[in-house]
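> One structure coming up, written as structure tokens, with questions to follow.
Please treat every number below as a calculation from the coordinates, not as lab data. Remember, it's a predicted structure, so these values are computed and weren't measured experimentally. Cβ atoms come from the backbone with ideal geometry, glycine included; neighbour counts cover every protein chain shown.
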Amino acid sequence: IARINDKEWDGIVEALNPVVEGGIHSFKAKFLKHAQAIDKGVLESRKTVSIVGDDSVIHQKECLDNFLKVFEDHKIPMILFDTDILPRLFQSMPRSWHDSEHKCKTLCKFHPEEKNVITFAIQGTKFHGLEESIQKELNRRGFTTHITMVADPRYQEKGKPTLIPSYFWAAKKDHVIHIAFLYDRMTTYLWLAPVSPKDWKDTVDVLAPALSDGWHSMERIGAKFPTFPLTIDGHKISVPYHIDKFLKQYKTSRFIECNHKRAQHFKDKFESKLTEKDKNFKASAKKVVATAKKVLDKLNIPFWLSSGTCLGWFRQCDIIPYSVDVDFGVRIEDYDPKLIKRMERAGLPLKNKFGFQNDSFELSFISEEGVKLDIFFFYESKNFMWNGGTQAHDGRKYKYLFPKITLCWTEFVGLKVRIPCEARSYIEANYGHNWMVPVKQWQWNLSPPNVVTNGKWEDSEMEEAVQIY
């Protein structure tokens with residue numbers, strides 16, 4: 001909101017009398033007082049923030065003007081994607097803004113040397129066919145440029161992979177401008193590619209000394225987000241419509257692509273032709289995953305692929321055809337008592353209910369086609385996490401020990417689902433180091449290397465701790 005000086009205010013009052021009077025004057029006084037406070041705050045912040053010299057600010061502005069002009073000339077819409085700038089975009093006094101005389105209040109940042117990168121994003125398809133023209137023009141304007149390429153995971157076939165640009169870099173003097181390319185995944189999601197250690201080394205080598213080792217990126221996926229256009233520092237740029245929501249999702253959007261090379265190796269070495277029974281199970285299991293995901297998502301219950309379903313994703317990027325069920329993991333604190341009724345309403349009636357919420361809780365549901373869904377609830381101890389198991393006929397209890405995990409996203413049977421970020425250690429805990437070799441004879445309470453006995457339900461507990469429908 002711009003400030004109104006006394007002369008302008010008197011003109012407004014004179015033009016709009018008698019409508020504008022009395023109470024509005026008190027608003028004016030409060031408004032001017034607030035504006036003076038902002039001025040004071042900015043001055044105070046200048047005393048505490050390490051300010052980049054004027055020459056650096058002016059040069060950063062010139063770099064941005066030149067860089068963005070090239071993309072504007074090529075009619076490529078630019079999205080502000082910088083997680084340092086976006087939170088401050090509509091604050092009245094962000095500490096990162098420069099003096100108005102530089103006319104670069106937002107995009108020019110105060111920065112230590114290792115954070116001299118500003119990030120934009122564009123749709124990857126908009127860049128296709130314009131790479132050479134854009135690089136040539138930026139080079140002519142004094143920029144050093146570099147494009148990071150990545151294999152397109154959407155088209156995984158034998159032979160040479162299809163390469164697509166993942167990041168575009170432009171450096172001039174000590175300023176770096178970075179573009180992330182966004183690609184459609186599963187219709188409703190956008191995918192941001194990873195940077196391999198080799199790609200990053202190559203990028204740093206090309207752009208040094210402007211780019212340091214302190215910056216890095218990781219593979220991410222998120223829902224498509226609406227944007228709205230703004231003119232920022234004289235440039236037409238789009239920003240996410242719901243910035244807070246976008247930033248919150250971005251923080252938890254780490255994505256891990258299934259290892260398609262490993263899956264192909266497994267297929268070549270171990271898989272035989274699928275029987276009709278195998279095909280039917282895979283189709284039915286996929287329906288169970290989709291149905292259960294919809295229910296859990298509506299209840300805001302974060303779940304992840306666990307046990308054999310997680311192994312199928314990790315090892316062969318698919319459902320294990322000779323499996324007999326679908327396995328999900330959920331933290332016990334995320335349990336919602338409405339879950340059972342919602343599952344039944346969705347066509348997955350309860351089959352088994354084991355344990356209690358404070359100990360070894362487990363729910364099993366069954367589909368119309370006979371595919372079972374096991375939801376294991378996990379508890380945290382000091383050094384590990386665990387889920388329980390119950391022997392139905394005698395009440396013996398088991399505990400499965402896992403390393404603590406964080407959650408990432410992946411694509412599985414055409415769905416966006418969570419998996420442990422630490423997937424390999426999670427798999428090895430449950431299946432040992434020889435997880436690559438198929439095991440078709442598996443005893444749930446003896447075969448896993450991470451299973452330990454955990455006592456037995458008391459006779460007085462059995463009726464409630466072991467419920468079979």
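> With charges set only on the Cβ (+1 for Lys and Arg, -1 for Asp and Glu), what does the dipole of the range 260-468 come to about its Cα centre, in debye to the nearest 20?
I would put it at about 840 debye.
> For the range 296-424, rounded, prolate or oblate, judged on the Cα gyration tensor with a ≥ b ≥ c (square roots of eigenvalues), a/c < 1.5 rounded, else prolate if a/b > b/c?
The shape class here is rounded.
> Return the loop-located GluC sites (Glu not before Pro) in the range 384-469 (DSSP other than H, G, I, E, B) with at most 12 other Cβ atoms within 10 Å of their own Cβ; answer none if there are none.
Passing sites in the range 384-469 are E458.
> Let's test the formula: R0 of 41 Å, r as the Cβ-Cβ distance of K341 and R262. What FRET efficiency results, to the nearest 0.05? If you can, show how the numbers build up before the last one.
On the way: r = 40 Å, r/R0 = 0.97.
Between K341 and R262 the formula returns 0.55.
> Efficiency by 1/(1 + (r/R0)^6): what FRET value for V324 and T125, r their Cβ-Cβ distance, R0 = 60 Å, to the nearest 0.05?
Details: r = 42 Å, r/R0 = 0.70.
About 0.90, to the nearest 0.05.
> FRET efficiency for Y241 and L446, Cβ-Cβ distance as r, R0 = 56 Å, nearest 0.05? Don't skip to the answer; put the middle values down first.
Details: r = 54 Å, r/R0 = 0.96.
Rounded to the nearest 0.05, the efficiency is 0.55.
> Among the trypsin sites (Lys or Arg not before Pro) within the range 269-377, which fall in a DSSP loop and have no more than 10 other Cβ atoms within 10 Å of their own Cβ? Please report the intermediate quantities before stating the final value.
On the way: sites: K269, K273, K277, K279, K282, K286, K287, K293, K294, K298, R315, R331, K338, K341, R342, R345, K351, K353, K372; in loops: K273, K338.
Here the sparse-neighbourhood loop sites are K273.
> Let me ask you something else. Given points 7 Å out from each Cα along the Cα-Cβ axis, report the L299 to S460 separation in nanometres with one decimal.
The two pseudo-label positions are separated by 3.0 nm.
> For the range 316-373, which GluC sites (Glu not before Pro) are both in a DSSP coil and crowded by at most 16 other Cβ atoms within 10 Å?
Here the GluC sites (Glu not before Pro) that fit, given the DSSP loop and packing criteria, are E368, E369.
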